[in-house]
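Heads up, the thing below is written out as structure tokens.
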Amino acid sequence: MSKCKEYFVKLISLGIIVENLHFGPFCCNWWLSRPDNNEIKNIVLLYPIRLNMKVLTILNKYDFIIKIDQMELDDILYPAYICTCNGIEREKSIMGFDILIISEELLQDIPFQPYFFSLDKLHLWVIEIGKSNNKFDDDECKVTIYSEKNIIATFIDDNPDLV
């Protein structure tokens, strides 16, 4: 078993959370787990890939600044890793997602840390838990099911056991 090489990585810009990317139909592309993330009862905590996040890393005495942008492929939005040194792209581990302090900084203004878990072949992403936004007189519980970028079903009820 080979161990990945560790790189010096410094977070330059935290970037932003975008509602449609991070908490909508594209969320599975904009969150990842840390390499040493301890699974608790098959629950995997996730960390955001923030739009406009920038890191500095040094490879062979050259400074590389890598920025997260977005790209669209078949109407689905994905993170794009843009490197400003000689056009060389590197894997996401160079972005510092595997460094605890950077992963924690990326969570700083997120009210809820999404997670996912699997039931056989079904992967369930929990991206929000909360109360309704008071558009209705009573509290409501809501579950929205996506396949790719499309909403397949939405269940709403006053009783969380019935959703």
Checklist line | Matching strands (runs of 3 or more DSSP E) fully within segment 62-152 where at least 1 residues are at pLDDT 75 or above, within 15 Å of L45 (Cβ to Cβ) and β-branched (V, I, T) | finding: 122-126
Next item on the list: Working only within segment 34-61, note down all residues that are modelled with pLDDT under 90, assigned to a strand (DSSP E or B) and of a type outside the set (V, I, T).
Entry: L45, Y47, L59
Next item on the list: Residue by residue through segment 42-66, note down the ones that are hydroxyl-bearing (S, T, Y) and under 16 Å from D109 (Cα atoms).
Entry: Y47
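The values are calculated or read from the model by the stated rules, or taken from the named source; none is laboratory data. A quick note: this is a predicted structure, and the numbers were derived from the prediction, not measured. Heads up, the Cβs are rebuilt from the backbone with ideal geometry, glycines too, and the neighbour counts pull from every protein chain shown.
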